[in-house]
Amino acid sequence: MAKVLISENMNLIAEQVLLEAGHEVVKMPAMDPEMLREYIKDCDAVVNRILPIDRAMMESNPKLKLISKHGVGLDNYDLAAAKELGIAVTCTPGCNAQSVAEHSLALMMASARNLKAVAGGYETVGWEAKKRGDGVELWGKTLGVIGCGDIGGRMARMCAGGFAMRVLVYDPYITKVPDGCELVGSLEEVLAESDFITIHCFLSEETKHLIGAKEFAAMKKGVIFINCARGPIVDENALVEAVRSGHLGAAAVDVTETEPLPHDHPLFSFPNVIVTPHFAAQSREASYNVARTAAENVVHFFSDGKVVGRVV
């Protein structure tokens, strides 16, 4: 049986699945990149969330056969190195998609109704918090969805069907969008026409800083901007300036270029900006489903090879 490292805190179903299959489980006591370098050295597989695994880590352990991603984002792995070294990499497609889509919608609604300033102000200034700015309704507005995979598609369907929104989708890798949505040919069209913009694409060299100063300037004044994908897709300094200048009506992000975000970061200082700590996928249902699937990928890899979400 395999020796399997669980490198980060996750639902206990992962450990249970591995132990029931007869594998040895090692758990790290803290989420620490340097600790991972030591713990990974003599394991056959690792179940990992957001800690980076680079070429040096892979090369340090000739026994390593599998990296089982807890989630779907793969930007924290050196995939080229994994392929070269013969290390399989899997992910858990679809397991947290509904959770992330609902969190995106929750952030959008909270931003639209100015809840951070109003709810936070009620405790400190009382009834006068009502005067901190009227909210806006989602009904009938235009939503721009950038990246329409499983998560973006769910967000698009909820907004088109639930709020009668006009949904514009920009994704150069698809030809079909959910019913009631429109596939547009350029990012510029989405930026210019949307009242709300939500990011759901993968992070890659192509999408790094996809949204920067030029793109923020091309958006409608007062647009509400949501990012629950990956922090580096957005130029954070440009986001801060777009909020500070008043061009953005509000912003809400679950991901940032630096994680954790320093407590003195400017994004925390704006009453119209909501920041959550890479939390979108952490519903009870998603936490269970992702952990179970990540562990099952390990079990199947060493038994019958019937894994899901294999990318390398």
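Exposure proxy ranking for VAL190, VAL184, based on other Cβ atoms within 10 angstrom of each Cβ and starting from the fewest, stands as VAL184, VAL190. Ranking CYS43, LEU105, SER68 by how far each Cα lies toward the positive end of the dipole of region 30-137 (charges on Cβ) leaves LEU105 at the top. Ranked from largest, the principal axis spans of the Cα set of region 97-275 equal 51, 34, 29 Å.
Treat every Asp and Glu Cβ in the chain as -1 and every Lys and Arg Cβ as +1, leave all other atoms uncharged, and give the resulting dipole magnitude about the Cα centre to the nearest 20 debye. Intermediate values should be presented prior to the final figure.
On the way: 30 positive and 40 negative charges, 108 e Å.
That gives a dipole near 520 debye.
Sequence-ordered 3J(HN,Hα) estimates for region 35-41 from the Karplus curve with 6.51, -1.76 and 1.60 and θ = phi - 60° stand at 5, 4, 4, 7, 5, 6, 4 Hz, glycine and proline given as x.
Scalar couplings 3J(HN,Hα) for region 44-49, obtained by applying the Karplus form with A = 6.51, B = -1.76, C = 1.60 to θ = phi - 60°, are 7, 8, 9, 9, 9, 9 Hz; x denotes Gly and Pro.
Amide H to amide H distances under 5 Å link VAL169 with VAL145, GLU182, LEU183, VAL184, where only residues 5 or more positions off or on other chains count and H is placed in the peptide plane. Remark on ALA2: its backbone amide H falls under 5 Å from those of GLU24, a criterion applied only to residues 5 or more positions apart or on other chains, H modelled at 1.01 Å from N.
Label points 7 Å out from Cα along the Cβ direction at HIS300 and GLU259: separation in nm? About 2.5 nm separates the two model spin labels. By the count of neighbouring beta-carbon atoms within 10 Å, fewest first, GLU84, GLU257, GLU20 end up ordered GLU20, GLU84, GLU257. Think of region 115-217 as having a plus end and a minus end, set by charges on the Cβ of Lys, Arg, Asp and Glu; of SER186, GLY120, SER204, GLY120 sits farthest toward the positive end of this dipole. Phi angles of region 184-196 translate, via the Karplus equation with coefficients 6.51, -1.76, 1.60 and θ = phi - 60°, into HN-Hα couplings of 10, x, 9, 4, 4, 5, 5, 4, 6, 9, 8, 8, 10 Hz per residue; Gly and Pro are given as x. Ordered by the number of other Cβ atoms lying within 10 Å of each residue's own Cβ, fewest first, TYR173, TYR77, TYR39 fall into the sequence TYR173, TYR39, TYR77. Centre-to-centre, using Cα atoms only, region 248-312 and region 73-128 are separated by 6 Å. Here the simple spin-label model places points 7 Å from the Cα toward Cβ, and for TYR288 and ALA217 these points are separated by 5.0 nm.
Based on DSSP H assignment, which helices of the chain show an axial Cα extent of at least 18 Å together with a mean Kyte-Doolittle hydropathy greater than or equal to -0.5? Can you show the working numbers first?
Working: long enough: 97-112 (22 Å, 0.75); 150-163 (19 Å, 0.22); 284-301 (26 Å, -0.36).
Qualifying helices, which must be both long enough and hydrophobic enough, are 97-112, 150-163, 284-301.
Excluding residues on the same chain fewer than 8 positions from LYS116, give the lysines whose Cα lies under 30 Å from its Cα. Within the straight-line limit of under 30 Å, LYS116 reaches these lysines: LYS130, LYS131, LYS141, LYS208, LYS214, LYS220, LYS221. Relative to the globular-protein estimate of 2.2 N^0.38 Å, the Cα radius of gyration of the chain stands at 1.07. Model label sites at SER204 and LEU115, defined 7 Å from Cα along the beta-carbon direction, differ in position by 3.4 nm. Note on region 1-57 and region 157-209: Cα centroid distance 36 Å, given to the nearest whole angstrom.
Taking the helices alone, the chain has a mean residue ellipticity at 222 nm of -10000 deg cm²/dmol, built from -39,500 (n - 2.57) per DSSP H run of at least 4 residues and averaged over all its residues. Once the Cβ-Cβ distance between GLU123 and SER245 is put in as r, and R0 is 35 Å, what FRET efficiency do you end up with, to the nearest 0.05? Once rounded, the FRET efficiency stands at 0.75.
Per the Debye calculation on region 66-170 with a single equal scatterer at every Cα and no solvent contribution, log₁₀ I(q)/I(0) for q = 0.14 Å⁻¹ amounts to -0.73.
All of the numbers you see were taken from the coordinates with simple rules; none came from a lab. Keep in mind the model is a prediction, meaning the values are calculated, not measured. Here Cβ is always computed from backbone atoms with ideal geometry, including for glycine, and neighbour counts include all displayed protein chains.
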